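Read through the structure below, which is laid out as structure tokens, and then see the notes.
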Amino acid sequence: MNLVFPNRSRSFEAIKNRVRFWGYDSAIEITFFVEGDALMKINPEAGSDERQLLDVFDNALEEIRGVANKVYQHGRERAYVYVLAAKDF
């Protein structure tokens, strides 16, 4: 089953320099993190502060959701938390 992403909610986790967002597999909430390095790979000209990384995330939302769905579908074990790294993009 493909994930659904019913809202654009996201938050920045400064300590680990990543953006958190959520998808759903039926009624199960799946948490995703996109590492800052992955966002910098999407847009190498962006800065690395919170505002700039959130802007990259917002502008590449469909691509990020596509990668999240792909990583989720190819996971050997169904987990509730996934980290999207630069290698995934």
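Computed values, structure above
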item: Residue, modelled with the lowest pLDDT, within the stretch 26-36, restricted to residues that are surrounded by fewer than 15 Cβ atoms within 10 Å (Cβ to Cβ) and outside any loop (DSSP other than H, G, I, E, B); result: ILE28
item: Residue that is surrounded by the most Cβ atoms within 10 Å (Cβ to Cβ) [pool: residues in the stretch 1-25 that are among the small types (Gly, Ala, Ser) and out of contact with any helix residue (DSSP H, G or I) (no Cβ under 8 Å at 6 or more places or on another chain)]; result: SER11
item: Extreme residue, nearest to the chain's Cα centre (by Cα), among residues of the stretch 47-89 that are over 12 Å from VAL34 (Cα atoms) and of a type in the set (Gly, Ala, Ser); result: GLY66
item: Number of positions in the stretch 1-18 that are hydrophobic (A, V, I, L, M, F, W, C) and assigned to a loop (DSSP other than H, G, I, E, B); result: 3
item: Which listed residue is on the phi < 0 side of the Ramachandran plot and modelled with pLDDT under 95, from GLY66, GLY47; result: GLY47
item: Residue count for the stretch 40-70, restricted to those that are under 17 Å from ARG10 (Cβ atoms), in a helix (DSSP H, G or I) and either in contact with a strand residue (DSSP E or B) (Cβ under 7 Å, 6 or more places away or on another chain) or not aliphatic (A, V, I, L, M) (or both); result: 17
item: Residue count for the stretch 23-61, restricted to those that are among the small types (Gly, Ala, Ser) and within 26 Å of ASN2 (Cα to Cα); result: 6
item: Boolean, TYR82 is touching a strand residue (DSSP E or B) at 6+ places or on another chain (Cβ under 8 Å), touching a residue at least 60 places away in the same chain (Cβ under 8 Å) and surrounded by 13 or more Cβ atoms within 10 Å (Cβ to Cβ); result: no
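The values are calculated or read from the model by the stated rules, or taken from the named source; none is laboratory data. Model, not experiment: these values are computed from the prediction. Methodologically, a virtual Cβ is constructed for each residue, glycine included, from the backbone with ideal geometry; neighbour enumeration extends over all protein chains shown.
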